[in-house]
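The values are calculated or read from the model by the stated rules, or taken from the named source; none is laboratory data. Computed from a predicted model, the values in this text were never measured in an experiment. With ideal geometry, Cβ positions are generated from the backbone for all residues, glycine too; neighbour counts draw on all protein chains shown. Note: accessible area is taken over every heavy atom of the protein model, side chains too, but ligands, DNA and RNA are not part of it. Shrake-Rupley method; radii C 1.70, N 1.55, O 1.52, S 1.80 Å.
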Amino acid sequence: MRRMRIVLLAVLMVALANGMPERGHYYVDIPWDNHTEQGLYDLIGNSIFTVEYRAGVFDCSDMTAYLDWFLKSHGFCTYICLTNGKTPDHCWLAVKVNTSTVQDIVYVESTATPI
């Protein structure tokens, strides 16, 4: 996890020096109007969204980053969460969902099958 942080910092430094690419460079806007908890479930729940977990190859950080990209491309507001200083390190996703009056946070464990 420490190496990942160093790599992310290096990428950030290069990006700041060269200018950040536009959002459309990484994210594709895919129409998805239902940003409720049910809409989130319809999009990724019930084994619809499955990517195989492989320790050291496609682990929790990779799966969470991929799911973050996927949900942002569908218009969800997401945040990657990390354990802080605990071993083993772990990543999961916090997703803002609409309710009838406000936005709420749903936590998504990207390594679970089904999610």
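Close contacts from the range 100-114, counting a first residue that is free of Cβ contacts under 8 Å to residues at least 24 places away in the same chain and a second that is part of a loop (DSSP other than H, G, I, E, B) and surrounded by 10 or more Cβ atoms within 10 Å (Cβ to Cβ), with Cβ to Cβ under 8 Å and a gap of 6+ residues or different chains, come to Glu109/Ile115. With respect to the conditions (1) at pLDDT 75 or above; (2) more than 25 Å from Ala112 (Cβ to Cβ); (3) open to solvent by less than 70 Å² (accessible area, probe 1.4 Å), Ala15 falls short on a single one, namely (1). Please enumerate the residues belonging to the range 57-81 that are hydrophobic (A, V, I, L, M, F, W, C) and without any contact (Cβ under 8 Å) to a residue 12 or more places away in the chain. Answer for the range 57-81, where residues must be hydrophobic (A, V, I, L, M, F, W, C) and without any contact (Cβ under 8 Å) to a residue 12 or more places away in the chain: Val57, Phe58.
Residue by residue, here is whether (1) within 13 Å of the chain's Cα centre (by Cα); (2) modelled with pLDDT under 90; (3) closer than 22 Å to Pro31 by Cβ holds:
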| residue | (1), (2), (3) |
| --- | --- |
| Thr50 | no, yes, no |
| Ser61 | yes, yes, no |
| Lys72 | yes, no, yes |
| Phe76 | yes, no, yes |
| Cys81 | yes, no, no |
| Ala94 | yes, no, no |
| Asn98 | no, no, yes |
| Asp104 | no, no, no |
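Checking each residue in the range 82-95 for being charged (D, E, K, R) and touching a residue at least 40 places away in the same chain (Cβ under 8 Å) picks out only Asp89. Reported count of residues in the range 18-40, each being in a loop (DSSP other than H, G, I, E, B), open to solvent by 100 Å² or more (accessible area, probe 1.4 Å) and modelled with pLDDT under 70, is 3.
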